[in-house]
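A.B. asks: My questions will all concern the structure given below.
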Amino acid sequence: MPAVVAEHCGRVSAFWTPDADAYSGLGRLYVDDPRFHEVYDGTRARPADYLPDAMTAYALVHRVD
């Protein structure tokens with residue numbers, strides 16, 4: 001999962017430079033907004049269940065800002 005989040009952060013950072021709080025908030029949006037949740041949970045892995053926590057951890061460890 002860390003590699004997936006690192007890739008995601010890289011893609012997001014191509015057009016937006018989030019700080020740790022904003023990147024963590026984006027992860028929560030993926031769960032809280034049904035439109036995003038549907039897209040992310042459309043796979044067997046069901047990443048919306050753990051993606052927000054993984055994004056928060058990544059932001060804190062890698063000091064996204």
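The values are calculated or read from the model by the stated rules, or taken from the named source; none is laboratory data. Bear in mind the structure is a predicted one, so any value in this text is a computation, not a measurement. A quick note on method: Cβ atoms are made from the backbone with ideal geometry, for glycine too, and the neighbour counts reach across all protein chains shown.
A.B. asks: Any chance you could count how many residues in the stretch 13-52 are among the acidic types (Asp, Glu) and at pLDDT 90 or above?
C.D. replies: 2
A.B. asks: List pairs: first residue in the stretch 24-40 and over 25 Å from Arg63 (Cα atoms), second residue modelled with pLDDT under 85 and among the aliphatic types (A, V, I, L, M) anywhere in the structure, Cβ distance under 8 angstrom, at least six positions apart or on different chains.
C.D. replies: These pairs meet every condition: His37/Val31; His37/Ala48.
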